[in-house]
Amino acid sequence: MRVPRVGILGSGNVLWAYLQVLDRLIPRGLAAAGPVCSRRRETWDGLRARRPQIELVSDVSEVFASGVDIVVIITPPESHAALTSLALEHGKHVVVEKPLAESLAEAKALVELAESRGLHLVCAPFIQ
């Protein structure tokens, strides 16, 4: 069985909660770490200081091109719908922080897109 690779879009405070979840899954062979997209390069040294092995990229397209299976979206809320759509269009399963979208119609369209492509779309938070 191939281990799913997880990429992350966003590097704010909630990133560390998701990395802790990955830290529990990786040793059990249930996930592999992919790149983290952090557009603000001035934060990279701090991220690497806390997690030396982190793979950082500055553009979301680099996460999609990296071969990840799952994309976690933890960017500002107004970007969630567009990034979720982009990830689904790239054939990626998605975990997205709340809110999924800014309207019910937009959210329904994303659910339909995921279903039409046979992809999972999970809305968070599920982390404490």
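How far, in nm, would the chain grow between Glu42 and Glu106 when pulled straight, counting 0.36 nm per residue and subtracting the alpha carbon separation? Working shown, then result.
Details: separation 64, 0.36 × 64 = 23.04 nm, distance 3.32 nm.
19.7 nm is the gain from fully extending Glu42 to Glu106.
How high is the relative contact order of the chain, given as a whole-number percent (alpha carbon pairs under 8 Å, six or more residues apart)? Could you put the intermediate results ahead of the total?
Working: 211 pairs, mean separation 30.7, N = 128.
Taking the mean separation of contacting Cα pairs over the length of the chain, I get 24 percent.
If I stretch the segment between Ala124 and Arg28 completely, what's the gain in nm (0.36 nm per residue apart, minus their alpha carbon distance), one decimal?
On the way: separation 96, 0.36 × 96 = 34.56 nm, distance 2.24 nm.
Here the answer is 32.3 nm.
Computing the accessible area with a 1.4 Å probe over protein heavy atoms, can you report the carbon and sulfur percentage for region 60-115? Walk me through the numbers before you get to the answer.
Working: 1510 of 2560 Å².
Result for region 60-115: 59 percent of the exposed heavy-atom area is carbon or sulfur.
Once you have the alpha carbon radius of gyration of region 49-128, what is it after dividing by 2.2 N^0.38 Å, with N set to its residue count?
On the way: Rg = 13.0 Å, N = 80, 2.2 N^0.38 = 11.6 Å.
Rg over 2.2 N^0.38 Å, computed on Cα atoms: 1.12.
Put a dot 7 Å past each Cα toward the Cβ at Ala49 and Val21; how far apart are the dots in nm?
2.7
Can you find, among Pro27, Gly7, Val96, the residue farthest towards the positive end of the dipole of the chain? Put +1 on the C-beta of Lys and Arg, -1 on that of Asp and Glu.
Value computed over the given set: Pro27.
Tell me, what is the per residue accessible area of the chain in Å², probe radius 1.4 Å? Mind dumping the intermediate values first?
Values: 7150 Å² over 128 residues.
Accessible area per residue: 56 Å².
Quick one: length gained pulling Glu62 to Arg5 fully straight, 0.36 nm per residue minus the C-alpha distance? Don't jump to the answer; show the numbers that get you there.
Values: separation 57, 0.36 × 57 = 20.52 nm, distance 1.39 nm.
Contour length minus Cα-Cα distance gives 19.1 nm.
The values are calculated or read from the model by the stated rules, or taken from the named source; none is laboratory data. Since the structure is predicted, the reported quantities are computational estimates derived from the model, not experimental observations. Cβ coordinates were reconstructed from backbone atoms using ideal geometry, including for glycine residues, and neighbour counts include every protein chain displayed. Side chains are part of the model used for accessible areas, which takes the heavy atoms of the whole protein and leaves out ligands, DNA and RNA. Shrake-Rupley method; radii C 1.70, N 1.55, O 1.52, S 1.80 Å.
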